[in-house]
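Visitor: One structure coming up, written as structure tokens, with questions to follow.
The values are calculated or read from the model by the stated rules, or taken from the named source; none is laboratory data. For clarity, every value in this text was computed on a predicted model and none was experimentally measured. With ideal geometry, Cβ positions are generated from the backbone for all residues, glycine too; neighbour counts draw on all protein chains shown.
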Amino acid sequence: MSALITILFALSPSFAAEIRQSQSADGIIEFSNQNIPEGNAATSHRQTIIYKTLNNQGDGVIFSDQKPLSGEFEVLRYDCFACNPDSSIDWHTIALNTRDYHNEISQLSAKHNVDPALVRAVIHAESAFRVDARSAKGAQGLMQLMPGTAKDMGVKNAFNAKENIEGGIKYLALMLSTFDQNTRLATAAYNAGPGAVKRYKGIPPYEETEVYVERVAILHQRYRNSAR
């Protein structure tokens with residue numbers, strides 16, 4: 001038996017005007033403050049704090065940018081680490097993480113023929129190496145896999161580091177294969193979806209995706225250099 005859950009938004013006018021509704025390929029209704037119709041990571045760059053609560057009847061969910069005055073609530077954020085166009089981070093000098101998950105990244109990258117420096121760059125960009133990272137739209141784990149993508153890649157537990165890394169690497173390998181090993185297009189597809197890259201015949205003109213691709217490229221080169 002499937003349960004129908006009503007999703008309501010109680011947002012301030014300035015924020016509500018930015019919310020867009022879309023339906024994912026697996027039929028799930030999604031809401032975002034970004035005009036990005038598809039993608040894997042599905043993260044957004046505004047870092048707006050959203051509070052998730054049950055309605056008074058207990059049969060629906062309310063998402064609001066106003067902190068509830070009473071009752072239990074869950075804090076959600078739109079927070080892709082490398083997707084904020086207004087980020088003050090210097091991506092040329094930010095500290096690299098060359099230690100965490102070294103064995104998993106090395107072994108699984110070799111298994112799926114993907115540059116381990118690129119994998120580490122994507123993990124850095126997606127989650128800043130937080131194994132428990134969860135986006136407001138449901139992307140999970142180190143490589144921020146959406147549930148549908150995780151399932152397609154054979155991932156049973158997206159918060160298990162090894163499973164998540166392998167699922168992300170497999171998806172990244174698929175994007176590289178789809179776009180003739182063009183790293184920039186593959187990372188754009190990882191962020192915005194392969195359909196968007198094909199539709200625009202290049203990197204989609206989404207500000208978030210454009211800065212994401214640039215920052216992953218910077219991190220990729222830096223991780224490559226660090227391995228020499």
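Visitor: Among the listed residues ALA117, ALA196, ALA173, ALA188, which satisfies the condition of being touching a helix residue (DSSP H, G or I) at 6+ places or on another chain (Cβ under 7 Å), outside any loop (DSSP other than H, G, I, E, B) and either within 20 Å of ASN84 (Cβ to Cβ) or of a type in the set (Ser, Thr, Tyr) (or both)?
Guide: ALA188
Visitor: Still on this structure, please answer the following. Can you tell me how many residues within the stretch 199-228 are surrounded by fewer than 21 Cβ atoms within 10 Å (Cβ to Cβ), among the charged types (D, E, K, R) and in a helix (DSSP H, G or I)?
Guide: The total comes to 6.
Visitor: Is it the case that some residue within the stretch 161-170 is surrounded by 20 or more Cβ atoms within 10 Å (Cβ to Cβ), more than 24 Å from ALA95 (Cα to Cα) and either modelled with pLDDT under 95 or among the aromatic types (Phe, Trp, Tyr) (or both)?
Guide: No, the stretch 161-170 contains no residue that is surrounded by 20 or more Cβ atoms within 10 Å (Cβ to Cβ), more than 24 Å from ALA95 (Cα to Cα) and either modelled with pLDDT under 95 or among the aromatic types (Phe, Trp, Tyr) (or both).
Visitor: Separate question: With at pLDDT below 95 and at positive phi as the only criterion, which of GLY154, GLY141, GLY148 stands out? Steps first, please.
Guide: Values: GLY154 fails: at pLDDT below 95; GLY148 fails: at positive phi.
Of GLY154, GLY141, GLY148, the one residue that is at pLDDT below 95 and at positive phi is GLY141.
Visitor: Contact list please: Cβ distance under 8 Å, first residue in the stretch 97-120 and closer than 16 Å to SER177 by Cβ, second residue of a type in the set (Gly, Ala, Ser) and assigned to a helix (DSSP H, G or I), pairs at least six apart or on different chains.
Guide: Pairs found: HIS112/ALA173; ASN113/ALA173; VAL114/ALA173; ASP115/SER109; VAL119/SER109; VAL119/GLY168.
Visitor: Could you tell me whether the stretch 77-97 includes any residue that is farther than 24 Å from GLU214 by Cα, within 21 Å of the chain's Cα centre (by Cα) and either at pLDDT below 90 or assigned by TED's automatic domain parsing to the domain that holds THR183 (or both)?
Guide: Filtering the stretch 77-97 for residues farther than 24 Å from GLU214 by Cα gives none.
Within the stretch 77-97, none of the residues are farther than 24 Å from GLU214 by Cα, within 21 Å of the chain's Cα centre (by Cα) and either at pLDDT below 90 or assigned by TED's automatic domain parsing to the domain that holds THR183 (or both).
Visitor: Six or more apart or on different chains, Cβ under 7 Å: which pairs go from a residue in the stretch 156-184 that's within 11 Å of MET143 (Cα to Cα) to one that's modelled with pLDDT of 95 or more and acidic (Asp, Glu)? Could you list them?
Guide: Sorted first by the residue in the stretch 156-184, then by its partner, the pairs are ALA161/GLU104; LYS162/GLU104; ILE165/GLU104.
Visitor: Among the residues of the stretch 127-136, is any in a helix (DSSP H, G or I), crowded, with 16+ Cβ neighbours inside 10 Å and either at pLDDT below 95 or in contact with a Pro (Cβ under 6 Å, 6 or more places away or on another chain) (or both)?
Guide: Pass one, the stretch 127-136, residues in a helix (DSSP H, G or I): 127.
In the following step, the residues that additionally are crowded, with 16+ Cβ neighbours inside 10 Å were identified as 127.
Then drop every residue that is not either at pLDDT below 95 or in contact with a Pro (Cβ under 6 Å, 6 or more places away or on another chain) (or both), which leaves 127.
Yes, that holds for at least one residue.
Visitor: I need a count of the residues in the stretch 138-149 that are buried (at least 24 other Cβ atoms within 10 Å of the Cβ) and among the small types (Gly, Ala, Ser).
Guide: First, the residues of the stretch 138-149 that are buried (at least 24 other Cβ atoms within 10 Å of the Cβ): 139, 141-146, 149.
From what is left, the residues that are among the small types (Gly, Ala, Ser) are 139, 141.
Result for the stretch 138-149: 2.
Visitor: Here's another thing I want to ask about it. Look at the stretch 210-225 and say how many of its residues are in contact with a Cys (Cβ under 6 Å, 6 or more places away or on another chain) and free of Cβ contacts under 8 Å to residues at least 24 places away in the same chain. Let's see the steps before the verdict.
Guide: First, pick out the residues of the stretch 210-225 that are in contact with a Cys (Cβ under 6 Å, 6 or more places away or on another chain): 212.
Filter again for free of Cβ contacts under 8 Å to residues at least 24 places away in the same chain, leaving none.
Qualifying residue count for the region: 0.
Visitor: Hey, could you check the stretch 161-217 for residues that are of a type in the set (Ser, Thr, Tyr) and closer than 28 Å to ASP100 by Cβ and say which is nearest to the chain's Cα centre (by Cα)?
Guide: Selected residue: TYR190.
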